[in-house]
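Just so it is clear, none of the values below were taken in a lab; they were calculated from the coordinates. Everything numeric here is computed off the predicted structure, so don't read it as measured data. We place every Cβ from the backbone using ideal geometry, glycine too, and count neighbours over all the protein chains shown.
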């Protein structure tokens, strides 16, 4: 009976498989921080967009108020909205001498902060100090994130 011995068997050895696995794990470990960085970058972009939308809504409210199309009940509001909810609920706009008015909404909803996961924002009144972290409740002059995290450019989200 003849036995055939192959001297050049095909396939990969255990050592080759370990080397391939090591290379693959090194590549995967390099990709994970890139994915995390990309996720943070996308959330930062969303935060900037939400802040811009709310600030534009506040500016639009102020412009309508200065044009006399929104009658302010409280003189201390200085033409700014009383709170963010009033931008969502809407206000009656129109000529104060006309019996016809319409309700305009400046925001469809209060956006969610992508870093806190809540629709809660820091607010500043016109009467507050520029660096104040407490809201005086007279009006809403500006909004900022309540996140205490640091951005990729090493600034703080609450300073945006």
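Please give the peptides 56-68, 18-30 ranked by average Cβ packing (other Cβ atoms within 10 Å per residue), highest first, as a rough proxy for protection. Numbers along the way, then the final one.
On the way: 56-68: 16.1, 18-30: 9.9.
Per-residue mean Cβ counts within 10 Å order the peptides as 56-68, 18-30.
222 nm [θ] for the chain, helices only, -39500 (n - 2.57) per DSSP H run of 4+, per residue, to 500? Calculated mean residue ellipticity at 222 nm is -13500 deg cm²/dmol. Placing a label point 7 Å from the Cα of residue 130 along the Cα-to-Cβ line, the residues of the stretch 144-160 whose backbone N sits under 19 Å from it are 144-145, 155-160. Note the angle between two axes, namely the Cα long axis of helix 14-66 and the longest principal axis of the Cα atoms of the chain, as a number of degrees from 0 to 90, rounded to the nearest 10. Once rounded, the angle reads 10 degrees.
Please state the relative contact order of the stretch 14-159 as a whole percent: Cα pairs under 8 Å, 6+ residues apart?
Values: 190 pairs, mean separation 28.5, N = 146.
Here the relative contact order equals 20 percent.
Distance between the pseudo-spin-label points of residue 59 and residue 10 (7 Å out from Cα toward the beta carbon): 6.8 nm.
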